[in-house]
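Asker: One structure is given below, represented as structure tokens, and several questions about it will come after.
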Amino acid sequence: MKTIAALIQNVPLLQELSEEDLLGLTPLFVERKVKKGTILFLEGEVGDELYLIKSGVIKIYRLDDAKEIILALFQEGDFFGEMALISVGLTRSATAEALEACTLYALKRSSFAQFMEKSPKLCLKLLETTMERLRKANEQIYDLTFLGVRSRIMKTIIRLSEQHGIPTDDGLLINVKLTHQQLANMVGTVRESVTKVLQELIDENSIQIDKKLITLKNIEAIKRDIR
């Protein structure tokens with residue numbers, strides 16, 4: 001597991017800071033250990049903290065008519081909640097929940113404000129990061145609207161492999177354990193549809209699944225089949 005200093009150095013948002021500023025920022029992060037199922041913040045709440053993940057997995061989701069829609073999964077080295085740093089009083093656009101026991105580092109906006117005032121580049125980087133995540137959210141909305149269930153599932157596992165993929169002898173391993181229901185919540189369908197499509201991909205030798213871990217064996221074939 002990485003130290004807070006190593007985590008900060010790998011966060012694109014904070015790479016514009018000087019070494020001196022990074023050293024000054026490190027003590028401002030507060031370590032938090034949370035249990036599986038802990039809600040870190042709720043959609044609609046006023047946010048004032050950025051989080052870095054030292055260990056564990058965090059689920060970001062929204063509720064639509066009581067139905068859960070998973071927007072993202074974050075794990076070691078990732079950060080989330082950055083929109084809270086932009087302006088005082090902004091509300092959370094989604095809910096964050098620990099999928100397993102996690103160790104996090106939290107940074108309050110009030111502590112970070114002094115660094116934003118000194119670094120215009122940092123402000124631009126924050127805006128750039130936020131816009132990139134908005135672009136990805138818009139892409140998910142497009143997929144949910146125009147793609148069929150099979151294509152949505154395949155595109156989602158491709159995206160997860162890009163975010164969490166680890167090369168192995170068998171292919172690209174998605175290093176996050178996922179249930180069929182969680183995948184269903186990502187693509188806006190029912191669990192039975194996910195089970196059916198995953199089995200089809202296994203039969204086609206495009207993926208393999210072991211203990212809830214998906215390995216993509218033929219990424220190009222999966223990409224060609226998305227339509």
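Asker: Evaluate the following for residue 140: is it open to solvent by less than 60 Å² (accessible area, probe 1.4 Å), at pLDDT below 95 and in a helix (DSSP H, G or I)?
Answerer: yes
Asker: Show the residue pairs that are 6+ apart or on different chains and have beta-carbon atoms under 7 Å apart, the first residue being within the stretch 1-27 and assigned by the TED database to the domain that holds residue 123, the second being at pLDDT below 75 and hydroxyl-bearing (Ser, Thr, Tyr).
Answerer: Between residues of the stretch 1-27 that are assigned by the TED database to the domain that holds residue 123 and residues that are at pLDDT below 75 and hydroxyl-bearing (Ser, Thr, Tyr), the close pairs are 16/119; 17/119.
Asker: May I pose another question? Would you mind telling me which numbered condition in (1) open to solvent by less than 30 Å² (accessible area, probe 1.4 Å); (2) in contact with a Leu (Cβ under 9 Å, 6 or more places away or on another chain); (3) farther than 19 Å from residue 220 by Cβ residue 180 fails?
Answerer: With respect to (1) open to solvent by less than 30 Å² (accessible area, probe 1.4 Å); (2) in contact with a Leu (Cβ under 9 Å, 6 or more places away or on another chain); (3) farther than 19 Å from residue 220 by Cβ, residue 180 is out only on (1).
The values are calculated or read from the model by the stated rules, or taken from the named source; none is laboratory data. Predicted model, so just to flag it, every value in this text is computed and none were measured. Here the Cβ is made from the backbone with ideal geometry for all residues, glycine too, and neighbour counts use every protein chain on show. Note: accessible area is taken over every heavy atom of the protein model, side chains too, but ligands, DNA and RNA are not part of it. Shrake-Rupley method; radii C 1.70, N 1.55, O 1.52, S 1.80 Å.
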